[in-house]
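Input: a single structure, listed below in structure tokens.
The values are calculated or read from the model by the stated rules, or taken from the named source; none is laboratory data. All values derive from a computational prediction rather than experimental measurement. Methodologically, a virtual Cβ is constructed for each residue, glycine included, from the backbone with ideal geometry; neighbour enumeration extends over all protein chains shown. For the accessible areas, the whole protein counts, side chains as well, though only heavy atoms, and no ligand, DNA or RNA atoms are used. Shrake-Rupley method; radii C 1.70, N 1.55, O 1.52, S 1.80 Å.
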Amino acid sequence: MRRPMKLFSALCFLIFFLGSLPVSAQKPDALQMYREKRYEEGAAIGRQEVAVNPQNIDAYVVLCWNLLGAHRYVEAENYANQARKYDSANTRIIEALAESRYYQGKNASALEAFQIYVSTASKTAGDYGWAYYYMGDIYTRLTKYEHADIAFTSAVNIDGKRSLWWFKCGYAREMAGSYKSALAAYEKAISLDASYQDALRGLERVKPKVK
């Protein structure tokens, strides 16, 4: 009779042990993979999750994040569009859709999606400033420099600690002929990163043009 008791005790211990493990240790976690920058693994988990439950919007969001991290922009766009069939107003999905189009060079459709995002998302959302940055970059691609200036200015007003954003803002202003404000933006970029060569060169270009 002792052996069955030992087996029963072992089974009880195993059940207790598995039950005490954190969920992330019991089941692969796509969000944890994203946080660890293990994007391909996270994407593989996400694909399985949405295949099992096609209406799981949170799974679509994290899947898109992992696909963007893995530079799988076409697939990210496809899954974002699929998710919008179930929740067309989800701002996280809209932002992922916009970003996937941005990296594919789909300027018009990316811009449209970013405009929807900034008009509907919370201004405290983590991607809110980035959306304006991407919009500014798209306008720069389209040589619409005054529009780019507006977008980049919005971005730096949200987060003024990114030297890249200030440089891009300065460049848009320079191309639009607003040399004094371009100078100020380049100076701000350099104050944040004294070795920023593009900003230093921009500063030297606009200095002689400022009266």
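Across segment 67-114, C-alpha contacts under 8 Å between residues 6 or more apart give a mean separation that, scaled by the residue count, equals a relative contact order of 35 percent.
Give the peptides 139-145, 57-63, 156-162 in descending order of average Cβ contacts within 10 Å, highest first.
Details: 139-145: 16.3, 57-63: 22.3, 156-162: 14.6.
Top to bottom by mean Cβ count within 10 Å: 57-63, 139-145, 156-162.
For the chain, averaging the sequence separation of C-alpha pairs within contact (under 8 Å, six or more residues apart) and dividing by the residue count gives a relative contact order of 9 percent.
Mind listing which GluC sites (Glu not before Pro) in segment 63-156 are in a DSSP loop and have 13 or fewer other Cβ atoms within 10 Å?
The qualifying sites: there are none.
Just one of (1) 27, 21, 17; (2) 48, 21, 12; (3) 38, 18, 17 is semi-axes √(5λ) of the Cα gyration tensor in Å as worked out from the coordinates here. Which one is it? Read-out from the structure maps to (2). Give me the percent of the accessible area of segment 69-211 that comes from carbon and sulfur atoms, probe 1.4 Å, all protein chains in place. That share works out to 49 percent. Short-range pairs are left out: with C-alpha atoms under 8 Å and at least six residues apart, the relative contact order of segment 41-141 is 19 percent.
In the context of the full protein assembly, residue 178 retains an accessible surface of approximately 50 Å², using a probe radius of 1.4 Å and ignoring ligands and nucleic acids.
Summed over the residues of segment 122-188 and divided among them, the accessible surface reaches 48 Å² per residue at a probe radius of 1.4 Å.
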